[in-house]
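The values are calculated or read from the model by the stated rules, or taken from the named source; none is laboratory data. Because the structure is predicted, anything quoted here is derived from the model rather than measured. Reconstructed Cβ throughout: ideal geometry from the backbone, glycine too, with neighbour counts over all protein chains shown. Quick note on the areas: whole protein, heavy atoms, side chains included, nothing else; ligands and nucleic acids left out. Shrake-Rupley method; radii C 1.70, N 1.55, O 1.52, S 1.80 Å.
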Amino acid sequence: MSWGTELWDQFDNLEKHTQWGIDILEKYIKFVKERTDIELSYAKQLRNLSKKYQPKKNSKEEEEYKYTACKAFLSTLNEMNDYAGQHEVISENMTSQITVDLMRYVQELKQERKSNFHDGRKAQQHIETCWKQLESSKRRFERDCKEADRAQQYFEKMDADINVTKADVEKARQQAQLRHQMAEDSKADYSSILQRFNQEQWEYYHTHIPNIFQKIQEMEERRIVRIGESMKTYAEVDRQVIPIIGKCLDGIVKAAESIDQKNDSQLVVEAYKSGFEPPGDIEFEDYTQPMKRTVSENSLSSSKEGKPELKFGGKSRGKLWPFIKKNKLSLKLGATPEDFSNLPPEQRRKKLQQKVDDLNKEIQKETDQRDAITKMKDVYLKNPQMGDPASLDHKLAEVTQNIERLRLETQKFEAWLAEVEGRLPARSEQARRQSGMYDGQTHQTVTNCAQDRESPDGSYTEEQSQESELKVLATDFDDEFDDEEPLPAIGTCKALYTFEGQNEGTISVVEGETLSVIEEDKGDGWTRIRRNEDEEGYVPTSYVEVYLDKNAKGAKTYI
């Protein structure tokens with residue numbers, strides 16, 4: 001099956017068909033281009049999505065990623081980032097292996113098509129020229145034959161006329177012979193041109209056109225094969241990244257399988273465990289008996305010394321949870337003591353341990369630097385031309401001083417840590433209650449736990465009066481520390497706006513209300529105020545207008 005033999009008379013239709021084939025190829029190239037754009041856009045959106053949900057450095061969100069579920073989510077984000085990279089690979093490979101290659105091929109195809117159809121038109125023009133020559137010789141032969149017939153008839157007429165002279169007859173005869181000779185010449189010329197035309201026409205339809213159409217057919221078939229190969233490449237480009245995408249998905253599955261709910265539960269315990277003991281039972285106090293109803297300092301002191309469990313139980317029930325709430329707010333406001341005494345014992349131990357570890361790392365770093373300087377100094381001593389040993393003395397002294405400072409700092413934190421760890425191990429209920437709570441600021445040894453009690457900030461203070469003790473026993477889950485000395489007012493403030501204190505440690509105020517200021521803004525945007533004598537908390541500084549007492553402005557404040 002050949003276009004040259006089957007479609008010998010369809011030159012124009014073949015020209016249209018091959019142009020349509022090039023249009024189809026260019027359409028496919030445009031399709032692949034748009035696919036690469038989609039892949040790039042998709043990869044960019046996936047990367048942005050992964051970046052959006054990445055934890056921010058040095059933030060609370062980053063601390064949450066110690067849990068296995070959060071780690072698995074982070075692994076999923078990283079795998080999705082790699083997944084996006086594979087779509088970028090798809091776009092790059094399609095561009096290099098399909099789009100660029102096909103665009104170059106289209107240009108070559110257009111040139112080849114143009115050349116083939118140019119040869120075809122040239123062959124057409126040649127056969128048309130031959131046809132015109134044949135027609136011209138045929139018309140000339142026809143004309144000469146007619147002229148010869150007329151000349152012959154004229155001669156015969158003249159020859160039959162007796163009135164015509166012999167000279168005229170001879171002239172007519174010669175003219176007829178001339179015309180016959182011209183007709184014979186035209187006949188020979190027409191016959192020659194006809195043979196030549198038939199030869200040209202045979203070659204045109206059996207050689208030239210078949211050859212040209214065969215080239216066009218081969219060109220078109222190569223185009224079809226090329227577009228098929230490009231479609232295979234299109235699929236292979238996708239197929240090549242499937243194993244890597246599969247690994248990304250396997251990574252996500254592996255991350256999901258690595259989630260350990262028990263481990264996360266243990267991390268919650270480690271993160272929030274306070275180390276406090278649950279409050280004990282509160283003993284019944286029979287006020288119907290005169291001895292119990294009578295309040296005296298001796299009886300109260302005796303009761304306190306003889307029943308430490310009762311004091312601790314009542315104290316814990318009334319003061320344990322508000323104590324934690326207040327310290328949480330203190331942490332938010334950035335007022336963390338150096339020894340972390342504002343934290344519960346277990347959390348305090350963790351913070352102190354972390355601090356000790358950090359200090360040890362710094363000591364090791366400084367020690368390595370000191371050793372390096374010492375070695376360099378030895379080299380300078382042995383080879384003075386390399387440097388002056390005295391130039392390193394200042395740096396060596398500075399590093400040594402830093403090491404000593406860090407060691408003293410470490411000893412201080414280790415002492416606090418040993419003090420906390422000495423109280424954390426499990427002991428009997430009686431001993432635990434007699435030892436009281438945990439020392440957070442004074443760092444005194446516990447020698448008189450039965451006579452001392454713990455203040456809300458973690459330090460040991462002397463027992464207060466019998467009114468304070470009775471107030472502790474009578475108060476149930478009070479949010480304020482009734483047994484600590486209230487902070488003095490350092491001024492007043494007027495509420496500019498209404499504030500709903502819904503968070504722990506805050507207080508609600510109404511616009512226009514006047515309250516006492518007991519602690520001014522430390523730079524964190526909060527001011528501590530008091531309403532009456534028993535209700536206090538924090539409000540945003542921007543919500544109040546503060547009027548400080550000049551005499552009390554320099555007074556030391558406590559958080």
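Of all residues in segment 39-69, count the ones that are open to solvent by 90 Å² or more (accessible area, probe 1.4 Å), in contact with a helix residue (DSSP H, G or I) (Cβ under 7 Å, 6 or more places away or on another chain) and of a type in the set (S, T, N, Q).
Residues that pass the stated criteria total 0.
So which of T129, T95 ends up being at pLDDT 90 or above, assigned to a helix (DSSP H, G or I) and more than 60 Å from the chain's Cα centre (by Cα)?
Unique residue meeting the criteria: T129.
Can you confirm whether S75 is part of a helix (DSSP H, G or I), of a type in the set (G, A, S), in contact with a Leu (Cβ under 9 Å, 6 or more places away or on another chain) and in contact (Cβ under 8 Å) with a residue 12 or more places away in the chain?
Here the answer is no, as S75 does not meet what is asked.
Could you list, in sequence order, the residues of segment 1-38 that are assigned to a loop (DSSP other than H, G, I, E, B) and surrounded by 13 or more Cβ atoms within 10 Å (Cβ to Cβ)?
Listed by number, the residues that qualify are L7, W8, Q10.
So which residues in segment 162-200 are surrounded by 12 or more Cβ atoms within 10 Å (Cβ to Cβ) and in a loop (DSSP other than H, G, I, E, B), if there are any at all?
V164
Among the candidates F141, F155, single out the residue that is part of a helix (DSSP H, G or I), open to solvent by less than 40 Å² (accessible area, probe 1.4 Å), farther than 30 Å from L102 by Cβ and not aliphatic (A, V, I, L, M).
F155
Any chance segment 16-31 includes a residue that's among the basic types (K, R) and under 14 Å from the mean Cα position of the chain (by Cα)?
no
Output the qualifying pairs, or none if there are none: Cβ atoms under 8 angstrom, residues six or more apart or on different chains, first residue in segment 48-69 and at negative phi, second residue among the β-branched types (V, I, T) and open to solvent by 40 Å² or more (accessible area, probe 1.4 Å).
Hits for this filter: T68/I259; A69/I259.
Tell me which residues, restricted to segment 193-221, are in contact (Cβ under 8 Å) with a residue 12 or more places away in the chain and of a type in the set (D, E, K, R).
R196, E200, K215, E220
For segment 287-403, list the helices (runs of 4 or more DSSP H) that sit wholly inside it and hold at least 1 residues that are open to solvent by less than 30 Å² (accessible area, probe 1.4 Å), more than 22 Å from L417 (Cβ to Cβ) and modelled with pLDDT of 55 or more; which are they?
Because the criterion is at least 1 residues that are open to solvent by less than 30 Å² (accessible area, probe 1.4 Å), more than 22 Å from L417 (Cβ to Cβ) and modelled with pLDDT of 55 or more, the helices (runs of 4 or more DSSP H) in segment 287-403 that meet it are 345-382.
Does S265 meet the test of being open to solvent by 60 Å² or more (accessible area, probe 1.4 Å), in a helix (DSSP H, G or I), free of Cβ contacts under 8 Å to residues at least 24 places away in the same chain and hydroxyl-bearing (S, T, Y)?
Yes: the conditions hold for S265.
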